[in-house]
Amino acid sequence: SFSSTPSLSTQFDLKTYWTTLIGEINKKLDEAIPVQYPEKIYEAMRYSVLAKAAKRAPPVMCVAACELFGGNRLAAFPTACALEMVHAASLIHDDLPCMDDDPSRRGKPSNHKIYGVDMAILAGDALFPLGFRHIVSHTPSDLVPETRLLRVITEIARAVGSTGMAAGQFLDLKGEPNSVEFVQEKKFGEMGECSAVCGGLLAGAEDDELQRLRRYGRAVGVLYQVVDDVLEEKKRENEENEETMKKGKSYAGVYGVEKALEVAEELRAKAKKELDGFEKYGESVTPLYSFVDYAVDRGFSVDSAS
Amino acid sequence: EEEESESEPTFSFKNYVALKANSVNQALEACVSLKDPKKIHEAMRYSLLASGKRVRPMLCIAACELVGGTESIAMPAACAVEMIHTMSLIHDDLPCMDNDDLRRGKPTNHKVFGEDVAVLAGDALLAFAFEHIAVSTVGVPPARVIRAVGELARSIGTEGLVAGQVVDICSEGLSDVGLEHLEFIHLHKTAALLEAAVVLGAILGGGSHEEVEKLRNFARYIGLLFQVVDDILDVTKSSRELGKTAGKDLVADKATYPKLMGIEKSKEFADKLNKDAQDQLSAFDPEKAAPLIALANYIANRQN
């Protein structure tokens with residue numbers, strides 16, 4: 001089982017921090033996708049982006065990374081929303097019948113189950129550019145110089161592109177079982193990495209600090225997924241139901257739960273080690289620490305409930 | 001003066017197209033290399049490097065040069081627009097959309113690589129278009145590049161390509177599709193990206209606000225023109241001549257200009273759009289505007 005080390009997260013109220021921030025992000029996302037003609041596509045986009053069960057991990061991590069360096073939250077919100085949009089877009093496409101063929105997402109029917117495969121593809125195609133457009137039109141120009149904004153756009157485009165998340169999805173579908181590390185790094189680590197780095201970029205972090213955020217974000221992104229997979233695998237063992245098995249590759253599925261738990265501990269340690277390098281920023285690094293523990297600890301609550 | 005340039009051509013459109021298509025093809029070839037995973041990049045290249053007419057990149061470069069910029073300033077944006085165009089074709093051809101087997105005279109992307117890879121190759125081209133503009137545009141103030149990114153993004157989503165495709169899909173089987181409705185589809189499905197091509201070129205080339213807006217209007221007219229001509233060709237040409245399935249609008253009982261106003265009236269409408277488009281260029285130096293005028297005429301008179 002996971003070792004629960006006493007950490008800053010016991011003093012820092014992650015729940016309040018997280019729920020407050022999520023509330024603000026949800027409001028901004030709601031405003032960013034108003035329903036207009038042709039209504040159907042806006043509804044399809046809103047269905048996935050505004051899903052109640054979304055944890056908003058990418059936007060929260062982006063804002064927290066920006067605030068670590070004393071950046072203004074308002075500078076990060078448009079990019080935070082964009083991250084959630086491109087994240088939703090890639091999930092919609094991953095769930096398609098020709099891909100993972102997943103009928104449900106976050107406890108609700110997948111986008112294509114409600115709106116049809118054609119609308120689901122188009123909703124994804126529209127959310128990617130909406131993310132970029134939102135950054136360009138909503139980022140306060142007095143807070144973020146244009147050169148930084150261009151780096152943010154590049155970072156997001158690269159993360160979702162042919163060597164990032166698209167590559168991860170491809171190998172998830174076509175790769176050998178032993179490609180699971182690569183798949184997880186690309187499918188999940190990439191989004192975490194991109195989110196943390198974008199926050200740092202917006203706040204004007206130095207290159208070595210960005211590298212640190214890069215390694216931190218990647219470790220946390222993969223950590224979330226490894227823990228998700230462990231929970232999934234345990235659930236499957238309990239139910240003894242082959243049909244609940246997901247099509248995609250998972251650590252727990254390939255190497256077993258024990259090995260996956262070891263990997264989770266390694267990732268937790270790795271992520272925290274990176275944050276130790278931000279000591280000079282004092283208390284403002286706390287939210288980033290708390291994500292690491294949350295990634296693992298939520299396992300306890302779900303685990304004990306099952 | 002227009003008459004004179006026809007009888008005594010100082011500008012050779014044929015040479016211009018050959019020259020620009022060559023440099024665009026070289027730039028496209030260079031910008032998407034065969035990285036890992038190979039199959040996605042092969043799929044991206046298969047459609048992107050297929051023998052397209054490169055109308056959009058040429059419009060982008062011509063608009064940039066018209067306002068005083070250079071080809072090299074516009075090239076990353078020109079390639080990006082072609083990537084977006086290619087991406088939309090790959091996704092439109094999918095079985096769950098238009099279900100097309102043939103594109104630019106070759107089997108469609110999903111026929112060769114499978115549906116899953118076709119979806120991913122499209123997504124990857126979309127993302128790469130933005131990366132390419134942001135990273136590879138040089139010699140331009142960052143503020144202009146940011147504006148270009150915003151314009152490109154707008155042309156793809158629910159105010160552009162996607163809106164057109166959605167309304168098109170939702171219109172199938174409707175009996176009362178009027179001209180206004182048809183125009184909405186084409187202004188979004190076709191004109192939006194042609195507009196982006198021209199506007200991106202004009203912005204990056206340093207055009208004034210007024211110049212950018214004139215060129216934007218020009219692009220909207222030729223965008224609609226492009227589609228009217230496409231509709232006419234669909235009923236008058238064979239699949240072999242077109243390099244894609246002919247007569248499919250009729251088979252699908254789709255609303256088209258020939259269907260709504262007849263072939264003759266459609267041709268008259270095309271002539272009017274071409275004239276309206278070229279009127280937008282009247283304030284520019286006619287010599288410098290020659291490539292765009294010729295491109296408009298080419299779109300009006302093309303046979304495939």
For this session: Only residues in the range B:255-276 that are under 25 Å from B:Gln165 (Cα atoms) count as the first member; pair them with residues that are of a type in the set (S, T, N, Q) and open to solvent by less than 100 Å² (accessible area, probe 1.4 Å), Cβ under 6 angstrom, at least 6 apart or cross-chain, and list the lot.
Result: B:Tyr257/B:Ser266; B:Pro258/B:Ser266
Problem set entry | For A:Met61: the one exception among (1) closer than 16 Å to A:Ser195 by Cα; (2) modelled with pLDDT of 95 or more; (3) not in a helix (DSSP H, G or I) | (3)
Problem set entry | Subset of the range A:83-128 that is open to solvent by 10 Å² or more (accessible area, probe 1.4 Å) and of a type in the set (Asp, Glu) - its residue that is nearest to A:Thr154 (Cα to Cα) | A:Asp94
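Results for (1) crowded, with 24+ Cβ neighbours inside 10 Å; (2) out of contact with any Ser or Thr (no Cβ under 9 Å at 6 or more places or on another chain); (3) more than 14 Å from chain B (Cβ to nearest Cβ); (4) modelled with pLDDT of 95 or more, shown as yes or no for each residue.
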site	(1), (2), (3), (4)
A:Gly168	yes, yes, no, no
A:Pro177	no, yes, yes, no
A:Phe188	no, yes, yes, no
A:Arg214	no, yes, yes, yes
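B:Thr108: among the polar types (S, T, N, Q), closer than 19 Å to B:Glu195 by Cβ and more than 8 Å from every other protein chain (Cβ to nearest Cβ), yes or no? Quick ask: steps written out before the conclusion?
Values: among the polar types (S, T, N, Q): yes; closer than 19 Å to B:Glu195 by Cβ: no; more than 8 Å from every other protein chain (Cβ to nearest Cβ): yes.
No, not satisfied.
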Seminar exercise, completed: Restricting the range A:108-144 to residues that are assigned to a loop (DSSP other than H, G, I, E, B) and β-branched (Val, Ile, Thr), the one nearest to A:Ile92 (Cα to Cα) turns out to be A:Thr139
Exercise. Just to be sure, is B:Gly69 outside any helix (DSSP H, G or I), at pLDDT 95 or above, surrounded by fewer than 24 Cβ atoms within 10 Å (Cβ to Cβ) and over 15 Å from the mean Cα position of the chain (by Cα)?
Worked result: yes
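Could you check the range A:11-38 and list, in sequence order, the residues that are in a helix (DSSP H, G or I) and free of Cβ contacts under 8 Å to residues at least 24 places away in the same chain?
Here is the first cut: in the range A:11-38, the residues in a helix (DSSP H, G or I) are A:14-32.
The answer is A:Lys15, A:Thr16, A:Thr19, A:Thr20, A:Gly23, A:Lys27, A:Asp30, A:Glu31.
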Problem set entry | Condition check for B:Met44: outside any loop (DSSP other than H, G, I, E, B) and more than 17 Å from the chain's Cα centre (by Cα) | yes
Problem set entry | Criterion: open to solvent by less than 30 Å² (accessible area, probe 1.4 Å), closer than 23 Å to A:Glu67 by Cβ and outside any helix (DSSP H, G or I) - qualifying residue of A:Ala205, A:Ala159, A:Ala196 | A:Ala205
For this session: For B:Ala129, indicate whether it is under 25 Å from A:Ser90 (Cβ atoms), within 10 Å of chain A (Cβ to nearest Cβ), in contact with a Gly (Cβ under 8 Å, 6 or more places away or on another chain) and open to solvent by less than 30 Å² (accessible area, probe 1.4 Å).
Result: no
Problem set entry | Single condition B:Met97 does not satisfy, out of (1) in contact (Cβ under 8 Å) with a residue 40 or more places away in the chain; (2) open to solvent by less than 10 Å² (accessible area, probe 1.4 Å); (3) among the aliphatic types (A, V, I, L, M); (4) touching an Asp or Glu at 6+ places or on another chain (Cβ under 6 Å) | (2)
Exercise. Given the structure, is B:Ala270 at pLDDT 95 or above, under 24 Å from B:Ile61 (Cβ atoms) and under 21 Å from the mean Cα position of the chain (by Cα)?
Worked result: no
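The values are calculated or read from the model by the stated rules, or taken from the named source; none is laboratory data. Just so it is clear, the structure is predicted and the values come from calculations on it, not from any experiment. A quick note on method: Cβ atoms are made from the backbone with ideal geometry, for glycine too, and the neighbour counts reach across all protein chains shown. What goes into the accessible areas is simple: the full protein's heavy atoms, side chains included, and nothing from ligands, DNA or RNA. Shrake-Rupley method; radii C 1.70, N 1.55, O 1.52, S 1.80 Å.
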